[in-house]
1. Count the lysine pairs in segment 2-166 whose Cα atoms lie under 12 Å apart, taking only pairs 8 or more positions apart in sequence or on different chains.
2. Can you work out the Karplus-derived ³J(HN,Hα) for every residue in segment 73-86? Use 6.51 cos²θ - 1.76 cosθ + 1.60 with θ = phi - 60°, whole Hz, and x for glycine or proline.
3. Write down Rg/Rh for segment 91-219, rounded to two decimals, with Rg from the C-alpha atoms and Rh from the Kirkwood relation over Cα pairs.
4. I'd like the FRET efficiency for F162 and S19, computed as 1/(1 + (r/R0)^6) with the beta carbon distance as r and R0 of 41 Å, rounded to 0.05.
5. In whole Å, what are the Cα extents of segment 18-134 along the three principal axes, biggest one first?
6. Per the Kirkwood treatment, what hydrodynamic radius in Å, one decimal, follows for the chain from the mean inverse distance over all distinct Cα pairs?
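Quick note: the coordinates plus some simple rules give every number you see, no bench work behind them. Quick caveat: nothing in here was measured; it's all calculated off a predicted structure. Positions of Cβ are backbone-derived with ideal geometry, glycine not excepted, and every protein chain shown enters the neighbour counts.
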Amino acid sequence: MRLLSVNVGLPRLLAWKGSTFKTGIFKKPVSGRVTLRTTNLDGDRQADLSVHGGPNKAVYGYPSEHYEYWRAELPGQPLDWGAFGENLTTEGLLETQASVGDRYRVGSAVVMIRTPRLPCFKLAAKFQRDDIIERFLRSGRSGFYFSVIEEGEVGAGDQFEFLGGEVPNLTIAEMFRLYASGSPDPESLQRAVQVKLLPESWRERFQARIAALQMANLI
């Protein structure tokens, strides 16, 4: 598992459907070592801190393996590293393997897997197409947010060294599927709420879905 590209960007104005707003979704690869801090990378900023950034979403990682899929889905669309707003383009680290609470050393920093990325209208605005959010959800290719346990420097070519995880665990793929599914698996929902490091907002959502299934006598 390794880091292929470090991508940063500052918020800029973007117009979409008659509205103009700031977004930090435009990221470009940078060379050399970059300091990874508890809320972001040096040279990078998020525009709306209510939904991006902060200690639980310090940096966003996206697997390079997904780019081939998106190039087939979005022919003619330029897709360089960072195209999906990710700070860290990874190789060998996929949503089916990465679990909530997994810790990795990368460069001289230590990071922890936190949650999948949930797409918002700014993704549609960046690609200038309404269907990208539905496509993103349907694809299951969410990427993952990291929190920063130890600050340090990272750079392209750094290896991800697995340091440990949580028991019970929940993969990012399972978490994203539970969020996006219209009929989530009850057993997976009940296992998900037992994960100690599951963010409280996610726990509440999953508990509400469990309660709805119980009221319908489905569990």
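1. Details: K17/K122; K17/K126; K22/K122; K22/K126; K27/K126.
Lysine pairs satisfying the spacing and distance rule in segment 2-166 number 5.
2. 6, 10, x, x, 7, x, 10, 8, 3, x, 4, 9, x, 7
3. Working: Rg = 16.3 Å, Rh = 16.0 Å.
Reported Rg/Rh (Cα atoms, Kirkwood Rh): 1.02.
4. Values: r = 43 Å, r/R0 = 1.04.
Efficiency at R0 = 41 Å is approximately 0.45.
5. For segment 18-134, the Cα extents along the three principal axes come out at 41, 30, 29 Å.
6. Values: mean 1/r = 0.0558 Å⁻¹.
It works out to 17.9 Å.
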